[in-house]
1. Can you give the charge dipole size of the chain about its Cα centre, rounded to the nearest 20 debye, using +1 on the beta carbon of Lys and Arg and -1 on the beta carbon of Asp and Glu?
2. List the residues, sorted by chain then number, that are 5 or more residues from Gly218 or on another chain and whose placed amide H is less than 5 Å from its amide H.
3. Take Glu42 and Lys164, extend 7 Å from each Cα along the Cα→Cβ direction, and tell me the distance between the two endpoints in nm.
4. With a 1.4 Å probe and every protein chain left in place, work out the accessible area per residue of the stretch 1-149 in Å², rounded to a whole number.
5. Check each of the trypsin sites (Lys or Arg not before Pro) in the stretch 5-82 and keep only those in coil by DSSP with at most 14 other C-beta atoms within 10 angstrom; list them in order.
6. Give the calculated FRET efficiency between Glu226 and Glu201 to the nearest 0.05, with a Förster radius of 22 Å applied to their Cβ-Cβ distance.
7. Any chance you could run the full-extension gain for Lys2 through Leu99? It's 0.36 nm times the residue separation minus the Cα-Cα distance, nm to one decimal.
8. So between Arg19 and Ser83, what do we pick up on full extension, going 0.36 nm a residue minus the alpha carbon distance?
Amino acid sequence: MKLTAIAIDDEQVALSVIRTHAAEVPFLDIKDYFTDPFKALEYLQREKVDLLFLDIRMPDISGLELMTTLPGGPMVIFTTAYSEHAVQSFELDALDYLLKPFSFERFLKACNKAKGLKELIQQRQKSDVPAHIMIKSGYEQYKVPFDDILYLESAGNYISFVLKDKRILSRLSMQEALALLTPDKFTRVHRSFIVANNKIEKADRNCLYIGQVPVSIGAAYAHAAENILR
């Protein structure tokens, strides 16, 4: 299985490091390298890739800002010399955060994480759809019927599965959580929320309501929320 990617960084030296590391990863196929993030965005409008290696501090647009324009798009691994953006990057659901200068071993670990997530998504798409999900929380595993899930809320590096009678906290990203769910029953409507489509009781311009609980609709996910209501 190949993992397609592009790399975006305003410094050629940083791109050279990624190029050198990528040459040692047999399943990684980097299609192009960009110093201009806007040219990268034009490329992404034409071509689909699995993964972005994305710098954060760039002229005109930051990697964090660029990522917010790509809802439901490729996985993102940030590559940056600045550690202070780590929390915000994970709030935006980045897959990983590589702090420059990073070793080949650390680069490979991030690539393996992306490969594992792609394989999980593909396996989910091919297999018969079960009626439940297994959720790992600490050292325990919970078998939860899909119909018991009201919504999911991100909490740092964790996801809170909100059920009819309790919450289960699991160390997952939003992308990993989506890969475990059935796409026809659950929809991401905000960078921090995934909802069970059949649990929505009403809606307004800014929120969906599950019972009396308002779930915010993110601007980048407004179209997805409209599709549920249709």
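1. 680 debye
2. It is His190, Arg191, by chain and number.
3. In this crude label model, Glu42 to Lys164 measures out at 5.4 nm.
4. 54 Å²
5. Lys48, Arg57
6. Details: r = 17 Å, r/R0 = 0.76.
FRET efficiency, Glu226 to Glu201: 0.85.
7. Details: separation 97, 0.36 × 97 = 34.92 nm, distance 2.48 nm.
Full extension of this stretch gives 32.4 nm more.
8. 20.8 nm
The values are calculated or read from the model by the stated rules, or taken from the named source; none is laboratory data. Every value quoted in this text rests on a predicted model; they were computed, and no experiment measured them. Reconstructed Cβ throughout: ideal geometry from the backbone, glycine too, with neighbour counts over all protein chains shown. Ligands, DNA and RNA are stripped out before the accessible areas are found, and what is left, the full protein with its side chains, is counted by its heavy atoms. Shrake-Rupley method; radii C 1.70, N 1.55, O 1.52, S 1.80 Å.
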